[in-house]
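The values are calculated or read from the model by the stated rules, or taken from the named source; none is laboratory data. Bear in mind the structure is a predicted one, so any value in this text is a computation, not a measurement. Because the Cβ atoms are built from the backbone with ideal geometry, glycine has one as well, and the counts that use them run over all protein chains shown. When the accessible area is computed, the model is the full protein with side chains, heavy atoms only, and any ligands, DNA or RNA have been set aside. Shrake-Rupley method; radii C 1.70, N 1.55, O 1.52, S 1.80 Å.
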Amino acid sequence: MEKCVVDKKNVSSMFARAGNTKTTVLAGVVCFALGAAAGSAFISHNTNQEIIVERENHQKFIQEHSTLVSENNQLRSDLSEAEQTLTTTNEREQKTAQSVTEFRDKSVELRKETQKLSTELKQLKSTLEEQETAVEELTASNEALKERTEIQNNVLETSKVFFQDQLRLQQEVNELHTQRAKLINTLNSLVKECQIYLDGTSWDAKSDSCDRKKVASDRLKKIDESIDAKQAKIVKIDQTSEAIGLQKKSQ
C-alpha cells in the first residue's frame with residue numbers, strides 16, 4: 001500500500017512538470033493502471049488470506065463444535081449413568097430400609113420369643129426340680145419299702161414257724177387242760193381216800209392213797225407250770241407277730 005502511494009505522488013509531479021503533454025498523460029495513465037492492478041492484486045491476496053483464515057476458523061469451530069457435542073454427549077451419558085446409579089442407589093436404600101424394618105420386626109419377634117422361651121425354661125426348671133424332689137422322695141420311700149419288704153419276707157419265712165409253734169403249743173395246752181381236768185378228778189378222789197385212811201373210818205381206803213395223792217398233786221403242779229409256760233410262749237408269739245405286722249390266722 002505504501003508503494004502505491006509513492007507512485008501516485010510521482011504521477012502528480014510529472015503532471016506538474018510536463019504540463020498538458022500527451023506523453024506525460026499516457027505515462028500517468030499507465031502508471032495509474034499499474035498501481036490499480038497492484039492494489040487489486042494485493043486486495044485479492046488479502047481476501048484469499050482472510051478466506052483461508054475464515055475457513056480454518058470455521059473448520060476449527062466445526063471441530064470445537066464436534067468436540068463440544070461429543071463432550072455434551074459424554075456428559076449426557078455420564079448424567080444418565082449417574083441418574084441410573086442414583087436410582088439404583090435409591091432402590092438399594094429403599095430395600096435396605098425395608099430390610100432394616102423387617103430385621104427390626106424380626107428382632108422384636110425374636111426378643112418376645114426369647115422371653116417366652118426363658119419363661120418356659122424357668123417353668124421347666126421349676127418342674128424339673130419338683131420332679132427331682134419327688135423322685136428323691138419316691139426313691140427314699142422305695143428304699144424304705146424295700147427294706148420293709150425284706151423284713152416282711154424274712155418275717156414271712158419265720159411266720160410259718162411261729163404259727164406252727166403257736167398251734168403246737170395251743171394243742172399241747174389243750175391236751176394239758178384235758179389231762180389236768182382228769183387229774184383233778186383223780187386228785188379229789190385220792191384226797192378223800194387219803195383222809196378216810198388217815199381217819200381210819202373205812203377199811204376200803206388203801207394205805208398208798210396218800211402217796212398217790214401226793215404224786216397226783218405234784219403232777220397237777222407240773223401240768224399247771226407247763227400250761228403257764230406254754231401260754232407265756234403263745235403270748236410272746238402273739239406280741240412278736242403284732243410287732244412285725246403279722247396277723248394271726250383264724251383257727
Next on the checklist: Can you tell me the length gained on complete extension of the stretch Glu150 to Gln164, counting 0.36 nm per residue apart and subtracting the Cα distance?
Outcome noted: 2.9 nm
Next on the checklist: Using the Cα centre of the range 58-185 as origin and beta-carbon charges of +1 (Lys, Arg) and -1 (Asp, Glu), tell me which of Ala82, Gln131, Thr114 is placed farthest towards the positive end of the dipole.
Outcome noted: Gln131
Checklist entry - Per residue, what accessible area does the range 85-229 have, given a 1.4 Å probe and all protein chains present, in Å²? => result 81
Checklist entry - Can you give the relative contact order of the range 172-245 as a percent, counting alpha carbon pairs under 8 Å and 6+ residues apart? => result 35
Checklist outcome for this item: Stretched fully, the stretch from Arg92 through Leu75 gains (0.36 nm per residue minus C-alpha distance, one decimal, in nm) 3.7 nm
Next on the checklist: With θ taken as phi - 60° and the coefficients 6.51, -1.76 and 1.60, list the Karplus ³J(HN,Hα) couplings across the range 84-93 in order, rounded to whole Hz; mark glycine and proline as x.
Outcome noted: 5, 4, 5, 4, 4, 5, 4, 4, 4, 4
Checklist entry - So, counting K/R as plus one and D/E as minus one, what does the shell of residues with Cβ under 15 Å around Lys214 add up to? => result +3
Item to check | Assigned charges on the beta-carbon of Lys, Arg, Asp, Glu; the range 123-219 dipole about Cα centre (debye) | outcome: 1040
Item to check | Listed pairs Lys160/Lys222; Lys213/Lys236; Lys214/Lys236; Lys160/Lys213 exceeding 31 Å between Cα atoms | outcome: Lys213/Lys236; Lys214/Lys236; Lys160/Lys213
Checklist entry - Roughly speaking, to the nearest percent, how much of the range 52-142's 1.4 Å accessible area is carbon and sulfur? => result 53
Checklist entry - What does the charge add up to near Glu130, with Lys and Arg as +1, Asp and Glu as -1, over the other residues with Cβ less than 12 Å from its Cβ? => result -3
Next on the checklist: Modelling each spin label as a point 7 Å along the Cα-to-Cβ direction, I'd like the Ser99/Ile184 distance in nm, to one decimal.
Outcome noted: 11.5
Checklist entry - Given a 1.4 Å probe and the protein chains all in place, what does the accessible area of Arg148 round to, in Å² to the nearest 10? => result 140
Checklist outcome for this item: When the charge dipole of the range 132-221 is computed with +1 on Lys and Arg Cβ and -1 on Asp and Glu Cβ about the Cα centre, the Cα farthest towards its positive end, among Leu187, Ser207, Val161, belongs to Ser207
